[in-house]
Amino acid sequence: MFDVNNLLQSSLENAMLKRDLDGLVTIVDQLGKQTNITNVTITNPAGQIRFSSDRGRIGKQLSSELVNSTTPVTNFLLDDSGYEVLRSINPVHNKPPCKECHGQISENPINGILLVDYDASSIRHRAQN
């Protein structure tokens, strides 16, 4: 599961450095279609959804408790439709190559937030067996 997060974050960073937003949209869409993944979302630092495998969420605002995380967090919760998911929240930290678009690390330590929602029922089923 966490390999998926790392792979997505690496792909995200690579696409952003190349300014390949169409490629980033494709990555998010394709990952969102994977078995046991219900949604993939990328927000700006303020928590506004910029990319999502659920296009209806683009432009919406995440709740403040999700935005304030500076370290990865994973929790079981109910998504917007009431479906139980295991949500992995990974802040995307600013790095020296990113400063051209995102500014200095000291002023903007986080470039955005990566959220991956996994189908909790399949995870609970595997844990019980």
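Below are the figures for this structure:
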quantity	calculated
Hull-based mean projected area of the chain, where the convex hull spans the alpha carbons, in square nanometres	7.9 nm²
Cα-centre dipole for the chain with unit charges at Cβ (Lys and Arg positive, Asp and Glu negative), debye to 20	100 debye
Helical mean residue ellipticity (222 nm; -39500 (n - 2.57) per DSSP H run of 4+; nearest 500) of the chain	-10000 deg cm²/dmol
Percent accessible area from carbon and sulfur atoms, the chain, protein chains only, probe 1.4 Å	51 percent
Low-density loop cleavage sites - trypsin sites (Lys or Arg not before Pro) in region 5-111, where at most 15 other Cβ are within 10 Å (DSSP)	K18, R19, K33, K60
Sparse-neighbour loop sites [chymotrypsin sites (Phe, Trp or Tyr not before Pro); region 1-105; at most 15 other C-beta within 10 Å; DSSP]	Y83
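The values are calculated or read from the model by the stated rules, or taken from the named source; none is laboratory data. Predicted model, so just to flag it, every value in this text is computed and none were measured. Please note: Cβ atoms are built from the backbone with ideal geometry, for glycine as well, and neighbour counts cover all protein chains shown. To get the accessible areas, we keep the full protein, side chains included, count just its heavy atoms, and leave off ligands, DNA and RNA. Shrake-Rupley method; radii C 1.70, N 1.55, O 1.52, S 1.80 Å.
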